[in-house]
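Please read the structure below before turning to the comments.
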Amino acid sequence: MSRIGKKPVIVPKGVTVTVNEDNIITVKGPKGELKQTVDRDITVAIKDGEVEFARPTDQIRHRALHGLYRSLTANMVKGVTEGYKRQLELIGVGFKASHQGNLLDLALGFSHNIIFEIPKELKLATSTEKGENPKIILEGADKQLIGQVAAKIRGLRKPEPYKGKGVRYTGEVVRKKAGKAAGK
């Protein structure tokens, strides 16, 4: 049995959850509106401010989908009420980040700057404090979209294992390798 799937999603005040005949869940709240298509085998019921999910059988596929759609809906409800935030920091000499609207301009030690377009659903902020590494802050209601965009930005210059230079999530620990001098 899926323990996560059996747990109902509690809908806070100010949030509306609707399901149409095509099994599309729509969650509206103060931070926006999100939609998710649910597999036709999973049934969705909304009662007394709670969203409940049920599956027809105990097949592995149905058990997996049961927990998946419950988690996705819970993430959508949290996204439209509180929102999600992801911070990245640039570690390296001369690494810079600036933005103009939803265009992120990154200087990551290449011969040219990288211009990265952020989707309009997300809010972008950059900060460069003296004595600290430049930071990129992404905010929005869609957890999956924020994670994907943050991973793409990090992928432009992943932290390397010798000096730790590159783009990393704030709080991420990069294991450092010993250089060739340690082998002697």
(request) Identify, by number, the condition in (1) open to solvent by less than 60 Å² (accessible area, probe 1.4 Å); (2) part of a strand (DSSP E or B); (3) more than 28 Å from Leu122 (Cα to Cα); (4) touching a residue at least 24 places away in the same chain (Cβ under 8 Å) that Gln36 doesn't meet. (result) (3)
(message) Criterion first (out of contact with any strand residue (DSSP E or B) (no Cβ under 9 Å at 6 or more places or on another chain) and either aromatic (Phe, Trp, Tyr) or under 15 Å from Asn75 (Cα atoms) (or both)) does Ile4 satisfy it?
(response) yes
(request) Can you tell me which residue among Glu139, Glu160, Glu172, Glu121 is in a loop (DSSP other than H, G, I, E, B), closer than 26 Å to Met76 by Cα, of a type in the set (D, E, K, R) and open to solvent by less than 100 Å² (accessible area, probe 1.4 Å)? (result) Glu172
(request) Residue by residue through the range 95-105, note down the ones that are open to solvent by 30 Å² or more (accessible area, probe 1.4 Å), closer than 16 Å to Ala150 by Cβ and in a strand (DSSP E or B). (result) His99
(request) Specify the residue that is surrounded by the most Cβ atoms within 10 Å (Cβ to Cβ); the eligible residues are those in the range 20-33 that are polar (S, T, N, Q) and under 25 Å from the mean Cα position of the chain (by Cα). (result) Asn23
(request) Select, from Gly83, Gly92, the only residue that is crowded, with 18+ Cβ neighbours inside 10 Å, modelled with pLDDT under 95, within 28 Å of Ile137 (Cα to Cα) and over 22 Å from the mean Cα position of the chain (by Cα). (result) Gly92
(message) As an exercise: evaluate Ala181 against (1) loosely packed, with under 13 Cβ neighbours inside 10 Å; (2) assigned to a strand (DSSP E or B) and give the number of the one condition it does not meet.
(response) (2)
(message) Between a residue in the range 42-53 that is under 13 Å from Lys7 (Cα atoms) and any residue that is surrounded by fewer than 18 Cβ atoms within 10 Å (Cβ to Cβ) and charged (D, E, K, R), which pairs come within a Cβ distance under 7 Å, given they are 6 or more apart or on different chains?
(response) Ala45/Glu52
(request) Taking Gln148 as meeting all but one of (1) at pLDDT 95 or above; (2) surrounded by 15 or more Cβ atoms within 10 Å (Cβ to Cβ); (3) under 30 Å from Ile10 (Cα atoms), write down the number of the exception. (result) (2)
(message) Which count do you get for residues in the range 42-71 that are open to solvent by 50 Å² or more (accessible area, probe 1.4 Å) and more than 18 Å from the chain's Cα centre (by Cα)?
(response) 14
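The values are calculated or read from the model by the stated rules, or taken from the named source; none is laboratory data. This is a predicted model, so every value here is computed, not measured. Cβ sites come from the backbone with ideal geometry, for glycine too, and all protein chains shown count toward neighbours. What goes into the accessible areas is simple: the full protein's heavy atoms, side chains included, and nothing from ligands, DNA or RNA. Shrake-Rupley method; radii C 1.70, N 1.55, O 1.52, S 1.80 Å.
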